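Notes follow the structure.
The values are calculated or read from the model by the stated rules, or taken from the named source; none is laboratory data. All figures in this text were calculated on a predicted structure; none of them were measured in a lab. Neighbour counts are summed over all protein chains in view; Cβ atoms, including those assigned to glycine, are modelled from backbone coordinates with ideal geometry. All accessible areas refer to the heavy atoms of the entire protein, side chains included, with ligands and DNA or RNA removed. Shrake-Rupley method; radii C 1.70, N 1.55, O 1.52, S 1.80 Å.
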Amino acid sequence: MVFVVNDKGAVQSQIYFTVSGEVINDNNRAVSLAYDKYFSGGMSSIVFQEIREFRSLAYSSWAYYNRPWYNNNNGYFIGYVGCQADKTIEAISVFKDITLNMPLKPNRIEQTRSGLINSINSKRLHFRKFPKKVSDWIKMGYLEDPRKNQVNFFNQMSFNDIIDFQKLHIANKPTIITIVTDLKRIDMEELRKYGEIVLLKKKDILN
């Protein structure tokens, strides 16, 4: 489905993509982080290169897989593109395509691996935050720092782990698209190709 909020004063389109995923647990939490790093983790990521660098489609674009705080609950994918209104249809087409049919660049696995491990190593907690963090880990069911197992996984993971995560949690699933834009700048017939359109007013979603 496509939810559209018509804003006559909008020069840009704010486009969000949401895909309901599968259960996240201790076995796949680390690989979800690897997927995030590969797909949208910096200037060498798929999202940055395909949306901004190669096509100059957006002022801003990002994506990540939202993990539930507790294990054994469902996660979900969320992505965003902020672009000129007249590029809305093209931006939707490209973003949805790379999300559901993720470009495969296995030569980037080492870059992904080192980025994840370096990120953990560089984020040493301030000593005043240790008690709260340890308390959170205990509530989540951990008896030690879960980042230890994450680093172990990153050190031995393969590119197929990322592919398998994307196929199970994101590919071939329905995508909800939400747009804030000026409808006069959008080809509505083209937009209908992406699902049933539901028109909303600001008062429908804002108090």
note = When restricted to W62, W137, the only residue over 30 Å from I177 (Cα atoms) and either under 16 Å from the mean Cα position of the chain (by Cα) or open to solvent by less than 80 Å² (accessible area, probe 1.4 Å) (or both) is W137
ask   = Are any residues in the stretch 1-19 in contact with a Gly (Cβ under 9 Å, 6 or more places away or on another chain) and closer than 14 Å to T175 by Cα, and if so, which ones?
value = M1, V2, I15, Y16, F17, T18, V19
remark   = Of all helices (runs of 4 or more DSSP H) fully inside the stretch 43-153, the set with 2 or more residues that are in contact (Cβ under 8 Å) with a residue 12 or more places away in the chain and not charged (D, E, K, R) is 88-100, 109-122
request  = Identify the residue in the stretch 27-42 that is surrounded by 14 or more Cβ atoms within 10 Å (Cβ to Cβ) and in a loop (DSSP other than H, G, I, E, B) and, among all such residues, is modelled with the lowest pLDDT.
outcome  = G41
task = Specify the residue that is most open to solvent (accessible area, probe 1.4 Å); the eligible residues are those in the stretch 165-190 that are in a helix (DSSP H, G or I) and in contact (Cβ under 8 Å) with a residue 12 or more places away in the chain.
result = K184
Leading residue by the ranking (least open to solvent (accessible area, probe 1.4 Å)) among those in the stretch 65-115 that are under 18 Å from I51 (Cα atoms) and touching a Lys or Arg at 6+ places or on another chain (Cβ under 7 Å) = A85
